[in-house]
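The values are calculated or read from the model by the stated rules, or taken from the named source; none is laboratory data. Remember, predicted model here, so these are calculated numbers, not experimental data. Quick reminder, even Gly has a Cβ in these numbers, built from the backbone with ideal geometry, and neighbours come from all protein chains shown.
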Amino acid sequence: MSSVAPPPVAAPQESAVAYGEAAPLVIEASRRVSLGLGELWSYRELLYFLVWRNLKIRYKQAAIGVAWVVLQPVLTATLFTLIFGVLLDAPSGGVPYPVFFLAGLVLWQLFAASLMEAGNSLVSNEQLVTKIYFPRLLLPMAAVFASLVDFAIALVLLAVLAVAYGVVPPIAVVTMPLFVTLTLAAALGAGFWLSALNVRYRDVQAAIPFLTQFLFFATPLVYATTLIPEPWRIFMGLNPMAGAVEGFRWALFGVDLPLLTAVSAVVAVMLFATGLVYFRRTERTFADVV
Amino acid sequence: MAAVAIRAEGLGKRYELGERESYGTLRDTLARAVRAPLRRTTGSPESRQFWALRDVSFELPHGEVLAVIGRNGAGKSTLLKVVSRITHPTTGRVEIQGRVGSLLEVGTGFSPELTGRENVFLNGAILGMRKAEIKRKFDEIVAFAEVDRFLDTPVKRYSSGMYVRLAFAVAAHLEPEILLVDEVLAVGDVAFQRKCLGKMQEVTKSGRTVLFVSHNMAAVQQLCRRSLLVSAGTVEAFGPTEDVVATYLSDAVTSADGEFDLSGHPARPPRLAPVIRHLTLRDDDGATTARFGPQDAMVVDVLVDPTKPLRAPRMVLGISDSMGRRITSVANFFQREELGEIDGRRRVRVRIPALRLGTGRYLLSVLLHDHYDGEIDQLDDVAAFEVVWQNNFGTGESHYPHYGPTLTGSTWCQQEA
């Protein structure tokens, strides 16, 4: 048994670098916290590798692998179309129900999968958190961005279905990325909050499925917001996904753009900002507590 | 060129006891808040806190290899975690000039589902290498690890030897300006271990700055000109390696009569209360002594005084050589020797029928656990004893150190070939 310094191969020209040029890194006990966005940028390659790892692992040793990305929404959409579209005849704003539902579903899946993966990202990467330094924000971010790849594939499926049903998107379709961004902001914000809380309170792990289920019905996925009586409709915007889904459908189908989307946008931005600050403030204790 | 790579000033790290092992649930926090509504739920009473590091200051110039030595629980690893930014200091500051790479455990971030090739890239990125850099060194890493035939096999199908070889190979090709290393074991079979050691010597000669945490006094003396001795979270000695290592080893009280008082011994990690009080070495006739023949029996009396009953005590006696290398260990649970419950002041007697050690000075460590309550007490390298040659081959032949640290019997004959 002996100790080994891992031994970089000597690169003499490198040791001749003038160290005085860069400002020194200072680690201080003070409570001051910066957002460290510059540092985050310098770690972008690691973010790429973590996203790549998440995607690889998800579909390794699965017999049909990536096909699940398509199969999941197809099966869910079929089931919900039967129950809500055919049996209950839920309002869909004049859009064929399968297309109407799938549009909301793909955006919702992006949010729900992000929430689940990001919420557990610090705890499931405990070994990394306690053994190596990198900006911890990369972990929930990688979880969200990995879900974005699945979303892109599901979007192709949506396009195919829309064509099959002869749905032609209006010119507003160019604003679609806006609502995806809104979803990402909400997912990242919630992901920052939940992952940081999960480090200290494992209750979060148990709460996420319920939270997701609750939000699923609080989001106009199986129904259109017209189902909600007018004075209350605006409050649905407090759920950022309600506004995101409504806006997304407006962009795709040209249905009315409800005011609650603006409420949702404000909520999403606040969720993102507070999540980022809370995460940064508790980050220092992650390795001690996780 | 700035002369100082790392400057630490008054570093301290306080842990809340129990916090690292268990995590709270919201209910616990609420329950605490209800029971003591006026106290902030995040604070803990003084007694539940301990300082893993306290007022640690040192400077490490560029191009130097500095060893951090100390006993288990002294704060070495915490120091490394603070300098590598994994955990945040409670007091003080560190200034670092240059790109830092830290290596606290080989194979951090390996994903069992991914192939060897994929893990090289992932692990490299986690350790701080750029993609281009990994690509450039890829062939070298694979050649070093000797796994080229299994590159596209998931590492969960690797043998443990292959796994650590690949992990070490990636780490070995990290080229930061400042390298922080925790005792990374030389891994794999003997041939690969030799390769690892060779790499390590290369690095120390390459003019890189290294902060190196180790238990291995032989390696420390070979690689580092200066050392830092951490003891109970504070710097006990800092200077030329020979002096510091001598200080470290002299903590093991040499006592000619084989009596060692351990009640307030500095080797005890600060988080533990003294339960092991005293240690007595005896020969087989019961006489106290600190000198033994290579084949002699050794009797160790350990006086323990637990504050609460130990329901299933597990005790280990470790024997290390004068360089701090562990030679062997004995333990009651190695052979189902039940000690029974210890519910008060007791003497635990251990008998080693034959030491079978070469001549030299040895150090005893005592470790006490409870099967149910976990760690109770721990004292590393606290009692020194000597093994002296007494014509044990029965031929008058001497025993030389290069014969090795242990003695094994053998029979010889000649046969028709």
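Tabulated values for the structure
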| item | result |
| --- | --- |
| Odd one out for B:A167 among (1) under 24 Å from the mean Cα position of the chain (by Cα); (2) more than 9 Å from chain A (Cβ to nearest Cβ); (3) surrounded by fewer than 20 Cβ atoms within 10 Å (Cβ to Cβ); (4) touching a residue at least 40 places away in the same chain (Cβ under 8 Å) | (3) |
| Any chance A:Y201 is within 14 Å of chain B (Cβ to nearest Cβ) and not charged (D, E, K, R) | yes |
| Qualifying residue in the stretch B:116-127 (condition: more than 12 Å from every other protein chain (Cβ to nearest Cβ) and either crowded, with 22+ Cβ neighbours inside 10 Å or at pLDDT below 90 (or both)) | yes |
| Criterion (basic (K, R) and either under 30 Å from B:T234 (Cα atoms) or not in a loop (DSSP other than H, G, I, E, B) (or both)) met by exactly one of B:R336, B:R347 | B:R347 |
| For B:G98: the one exception among (1) within 31 Å of the chain's Cα centre (by Cα); (2) closer than 25 Å to A:Y133 by Cβ; (3) assigned to a helix (DSSP H, G or I) | (3) |
| Condition met for B:K81 (facing another protein chain (nearest Cβ under 8 Å), under 25 Å from the mean Cα position of the chain (by Cα) and not β-branched (V, I, T)) | yes |
| Within the stretch B:196-213, considering residues that are touching a residue at least 40 places away in the same chain (Cβ under 8 Å) and within 19 Å of the chain's Cα centre (by Cα), the one nearest to B:E175 (Cα to Cα) | B:V210 |
| The stretch B:299-326: number of residues that are closer than 30 Å to B:Y372 by Cβ and in a strand (DSSP E or B) | 16 |
| Any hit, the stretch B:256-277, residues being outside any loop (DSSP other than H, G, I, E, B), in contact with a Pro (Cβ under 6 Å, 6 or more places away or on another chain) and either more than 14 Å from chain A (Cβ to nearest Cβ) or closer than 17 Å to B:L379 by Cα (or both) | no |
| All positions within the stretch B:203-235 that are facing chain A (nearest Cβ under 9 Å) and among the hydrophobic types (A, V, I, L, M, F, W, C) | B:V203, B:V210, B:F212, B:V213, B:A218, B:A219, B:V220, B:L223 |
| Options B:P294, B:P270, B:P266: the member that is without any contact (Cβ under 8 Å) to a residue 60 or more places away in the chain and in the same structural domain as B:F334 (by TED's automatic domain parsing) | B:P266 |
| Some residue of the stretch B:143-156 being touching a His at 6+ places or on another chain (Cβ under 9 Å) and within 8 Å of another protein chain (Cβ to nearest Cβ) | no |
| Failed item in (1) at pLDDT below 90; (2) within 30 Å of B:F212 (Cβ to Cβ), with B:D261 passing the rest | (2) |
| Output for the stretch B:89-110, where each listed residue is facing chain A (nearest Cβ under 7 Å) and either at pLDDT 90 or above or farther than 21 Å from A:L122 by Cβ (or both) | B:P89, B:T90, B:T91, B:G92, B:R93, B:V94, B:E95, B:I96, B:Q97, B:G98, B:L103 |
| Of all residues in the stretch A:202-238 being over 25 Å from A:A262 (Cβ atoms) and crowded, with 19+ Cβ neighbours inside 10 Å, the one that is modelled with the lowest pLDDT | A:V204 |
| Residues satisfying the stated conditions in the stretch B:350-365, i.e. outside any strand (DSSP E or B) and touching a helix residue (DSSP H, G or I) at 6+ places or on another chain (Cβ under 9 Å) | B:G358, B:T359 |
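For every residue, the table says whether it meets (1) at pLDDT 85 or above; (2) crowded, with 24+ Cβ neighbours inside 10 Å; (3) hydrophobic (A, V, I, L, M, F, W, C).
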site: A:M241; (1), (2), (3): yes, yes, yes
site: A:G247; (1), (2), (3): yes, yes, no
site: A:G254; (1), (2), (3): no, no, no
site: A:A265; (1), (2), (3): yes, no, yes
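For every residue, the table says whether it meets (1) buried (at least 17 other Cβ atoms within 10 Å of the Cβ); (2) under 22 Å from the mean Cα position of the chain (by Cα); (3) of a type in the set (D, E).
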residue: B:L363; (1), (2), (3): yes, yes, no
residue: B:H369; (1), (2), (3): yes, yes, no
residue: B:E375; (1), (2), (3): no, yes, yes
residue: B:A384; (1), (2), (3): yes, yes, no
residue: B:N391; (1), (2), (3): no, no, no
residue: B:Q414; (1), (2), (3): no, no, no
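Residues checked against (1) under 17 Å from the mean Cα position of the chain (by Cα); (2) surrounded by 17 or more Cβ atoms within 10 Å (Cβ to Cβ):
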position	(1), (2)
B:H215	yes, yes
B:R225	no, no
B:S231	yes, yes
B:D261	no, no
B:P266	yes, no
B:A287	no, no
B:R291	no, no
B:V300	no, yes
B:I319	yes, yes
